[in-house]
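For reference, the structure is listed below as structure tokens.
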Amino acid sequence: MAPSRIAIVTGASSGIGEATARQLAASGYRVVLTARRKDRIEALAEEIIAAGHQAAAYALDVTDRAAVDEFATAFKTIGVLVNNAGGALGADPVATGDPADWRQMYETNVIGTLNVTQALLPALTASGDGTVVVVSSTAGHGTYEGGAGYVAAKHGTHVLAETLRLEIVGTPVRVIEIAPGMVKTDEFALTRFGGDQDKAEKVYQGVAEPLTADDVADTINWAVTRPSHVNIDLMVIRPRAQASNTKVHREL
């Protein structure tokens, strides 16, 4: 059986997901773009098609299991699943953190990834050469003050990927975890701070060159396009100015 050239990208309406969809399409995959914002992914699909590649858009909330299951019925085989949907809310200490924010981050980052992976794993396996990509974060590998809710969620995402790899070894499916550090996108920090532009800008203040969405997408595309027997278990990517979650060089 020829490998499936279908790649599904969640959270494809902006940032890393959008950039990843473009790069996988350029690598010859028929990308299926999913996100809640239908208008954004439809515009991206049109852009990719206009560039001579293949794309389709499907509005989807990864936390809605019934919708995810219905979406999965459209595919007998797929080659790649990029679990990118997620995000952070707030930067409050544990003592005052909003449980609703914590719950939403867990639902999106962990349960959303679980929903889509469970629903599509049969089609990935049926392809005879499938790849699951989990976009976690350096937050999944280390803690920092004010980040506990997001850190907890991304630790969950990391553990999901690590455990899945153990459980499906011997099947024709790879599990790749990509853990980006400081990435400057249009929406991540802005969403985290409830639209507060000043707070969002302070995250990157003085950092000469944070990572871009394209930097991370390039890494995902590289990992996915390695020979089938090569599994990039875990790749941590940070800008040169960031040595850890709490050690960042700022030129102020």
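The values are calculated or read from the model by the stated rules, or taken from the named source; none is laboratory data. Remember, it's a predicted structure, so these values are computed and weren't measured experimentally. Positions of Cβ are generated from backbone atoms using ideal geometry, with glycine treated the same way; all protein chains shown enter the neighbour counts. All accessible areas refer to the heavy atoms of the entire protein, side chains included, with ligands and DNA or RNA removed. Shrake-Rupley method; radii C 1.70, N 1.55, O 1.52, S 1.80 Å.
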Inset, instruction - At 1.4 Å probe size, with every protein chain present, just tell me what the per residue accessible area of the chain comes to in Å². - result: 48 Å²
Legend entry - Of all accessible heavy-atom area on the chain, the percent that carbon and sulfur account for (1.4 Å): 51 percent
Inset, instruction - Any lysines with Cα under 29 Å of the Lys184 Cα? List them, leaving off those in the same chain fewer than 8 positions away. - result: Lys38, Lys154, Lys199, Lys202, Lys247
Inset, instruction - Go through Thr225, Val132, Pro99 and say which Cα lies farthest out towards the positive end of the charge dipole of the chain; charges sit on Cβ, +1 for Lys and Arg, -1 for Asp and Glu. - result: Thr225
Legend entry - Simple label model, 7 Å out from Cα along Cβ direction - Thr212 to Val169, nm: 3.9 nm
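Using a cut-off of 15 Å between beta-carbons, work out the net charge of the residues near Thr131 (Lys and Arg +1, Asp and Glu -1, Thr131 not included). Mind dumping the intermediate values first?
Working: positive: Arg5, Arg30, Arg165, Arg174, Arg226; negative: Asp129, Glu177, Asp233.
Residues close to Thr131 contribute a combined charge of +2.
Tell me, what is the percent relative contact order of the chain, built from C-alpha pairs under 8 Å that lie six or more residues apart? Present the calculation step by step, with values, prior to reporting the outcome.
On the way: 511 pairs, mean separation 49.5, N = 252.
Value for the chain: 20 percent.
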Inset, instruction - Run the 1.4 Å probe and let me know the accessible area of Arg226, rounded to the nearest 10 Å². - result: 70 Å²
Inset, instruction - Could you point to the label whose value was computed as Cα Rg over 2.2 N^0.38 Å for the structure here, given (1) 1.23; (2) 0.97; (3) 1.06? - result: (2)
Inset, instruction - For Ala43 and Asn231, compute 0.36 nm times the residue count separating them, minus their Cα-Cα distance, and round to one decimal in nm. - result: 64.4 nm
Inset, instruction - Please list the helices of the chain that count as membrane-span-like by this rule: a mean Kyte-Doolittle hydropathy of at least 0.5 together with Cα atoms stretching 15 Å or more along the helix axis, each helix being a complete DSSP H run. - result: 112-126
Legend entry - Euclidean distance between Cα centres, the range 111-150 to the range 72-95, Å: 6 Å
Inset, instruction - Return the long-range amide H neighbours of Ile6 (sequence gap of 5 or more, or a different chain), with a cut-off of under 5 Å between placed amide H atoms. - result: Arg30, Gly79, Val80
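Taking R0 as 22 Å, what's the FRET efficiency between Asp64 and Val159 from their Cβ-Cβ distance, rounded to 0.05?
Efficiency, from the Cβ-Cβ distance: 0.45.
Helix-only mean residue ellipticity at 222 nm, the chain, DSSP H runs n ≥ 4 weighted -39,500 (n - 2.57), per residue, nearest 500. What is it?
Numbers: 9 runs with 101 residues, N = 252.
Rounded to the nearest 500, the figure is -12000 deg cm²/dmol.
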Inset, instruction - Give me the accessible area of Lys184, 1.4 Å probe, in Å² rounded to the nearest 10. - result: 90 Å²
Legend entry - Extension gain (nm, one decimal) between Ser27 and Thr143, 0.36 nm per residue minus Cα-Cα: 38.2 nm
